[in-house]
Amino acid sequence: MNTTKDAPGRDEIDEIEALLPWHAAGTLSRRDSQRVDDALAGDPELARRYALVREELGETIRLNETLGAPSARAMEKLFAQIDAEPKRRATPSLNLGARVSEFFAGLTPRKLAWSASAAAVVLVVQAGVIANLVLIEPQQAQFKTASAPPSAPPATTLTAPQGTKLRGVDTVETAPAAAPGVGAFTLIRFAPQATVDDVNRFLENHQLSIVAGPAPGGLYRVRVADTALGKDELASRLKELQADKTVEFIAPTQ
Amino acid sequence: MQTTSDEVLIARIADGDRLAMQVLFARHHVRVYRFVLRLVRNEATAEDLISEVFLDVWRQAGKFEGRSAVSTWMLSIARFKALSVLRRRTDDELDDEAAEQIEDQADDPETALAKKDKGEVLRQCLTSLSAEHREVIDLVYYHEKSVEEVAEITGIPEATVKTRMFYARKKLSELLKEQGIDRGWP
């Protein structure tokens, strides 16, 4: 019977332990994820069990990836059946969310950028008019300002901050002189709580570059060395990388 | 690159857009196939089933309310169809399958370890789990479904999902132990 003073702590650990598989898969809420991280930091035995979970995760992915894919027969059969179905009338009353999404999905990034800029300009102009009405006009009624600053920084200079791109994602050529496909590679999924800065720092510190991704499952293909590494050398390199909190899952790849 | 969301594709499919169906199929059919294959363990059956799953998606798209992810909805359909097939299987087929599993475990622990590395043994043990345990492990680890989504797909309460996952992992550890790998847990 769990009526000892220690029981709540034990229950809490059990509850946390039950969440480990989802933590490893990156499907926990931010709050639960933090709870698990806190528990892992203070409990070496739990951390050891978490390593087992990560091992299972990696092998489950590997196992599923070896299952292959269905032949073209499945698709042919499906579309033959669809063609045999009676024609349906369009139903314009589908859920609003999807319609709104579709509208935005229909805009190209360039159109979206122009729309956003135009909206920003409208907002600034509107703010200016309001400010003029509220502040300047009453002031003009009282006195004239002869020393207003001649220039203020334009309000529509919003640009993406430098360094918000993942290192190597769109600058593969910055990888030190390695030809595509040459070197040692790994698949990495970053921890959900890792920021872009964390990831960039991690890549920088370990001299890594992302060569592809993200693939389904949020996996990135990362070059860990410019030349092929031996099995033991690669395993030790991966172990070193795995110790970083930024990494949630790591596995060798071709 | 911009991609159309699954929800948008479903809305188009509800309008009879065949191209949207092709896109959705291309995006998800491999994962649905693998999910089904792990349950029914027969490639031809799994192929037939995915055609049926996506035909249901074509027919039911207008009823999709967007309360869950499209992939979760499709896996629910796939699971239902796979379990129907499993129920229809004759006893002979099930006996054959049981015999295959016994053969899988025929090696003594030392031989098994000598032949394979730890990862390979782990993968073999993953295939030896019961359908129920394979399913929950695949949904969590491979299909990246949350507790809530697994509950929705399998039709069991969230607390049971966690318990089932725990017992699936426990069984996995036992199988590994039988193969000479003691993980010190549970």
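Please state the relative contact order of segment A:172-253 as a whole percent: Cα pairs under 8 Å, 6+ residues apart?
Working: 119 pairs, mean separation 36.5, N = 82.
Reported as a whole number, the value is 45 percent.
For a quick check: sort B:65, B:120 by the number of other beta carbons within 10 angstrom, fewest at the front.
Arranged by neighbour count, lowest to highest, B:65, B:120 become B:65, B:120.
Give the average, rounded to an integer, of partner chain Cβ atoms located within 10 angstrom of each Cβ in B:22-33.
Mean partner shielding for this stretch: 3.
Among rounded, prolate and oblate, which fits segment B:6-88 when a ≥ b ≥ c are the square roots of the eigenvalues of its C-alpha gyration tensor, a/c under 1.5 means rounded, and a/b larger than b/c means prolate? Could you put the intermediate results ahead of the total?
Values: a/c = 2.12, a/b = 1.80, b/c = 1.18.
Note, shape of segment B:6-88 comes out prolate.
Using alpha carbon coordinates only, what is the Rg to Rh ratio of segment A:11-65, with Rh defined as the Kirkwood radius?
On the Cα set of segment A:11-65, Rg over Rh gives 0.99.
Would you mind checking B:145/B:170; A:77/B:171; B:81/B:118; A:245/B:145; B:145/B:171; B:81/B:177 for any pair whose Cα atoms are more than 29 angstrom apart? Write down the numbers at each step before the final one.
On the way: B:145/B:170 20 Å; A:77/B:171 38 Å; B:81/B:118 34 Å; A:245/B:145 22 Å; B:145/B:171 21 Å; B:81/B:177 34 Å.
Correct reply: A:77/B:171; B:81/B:118; B:81/B:177.
Peptide B:122-131: average number of partner chain Cβ atoms within 10 Å per residue?
For this peptide, the per-residue mean of nearby foreign Cβ atoms is 3.
Stokes-Einstein D for segment A:172-253 at 37 °C, 0.692 mPa s, Kirkwood Rh over Cα pairs, in µm²/s?
258 µm²/s
Values in this text are rule-based calculations from the coordinates and carry no lab data. Predicted, not measured: the structure shown is a model, and the values here were computed from it. Neighbour counts run over all protein chains shown; Cβ positions are idealised from the backbone, glycine included.
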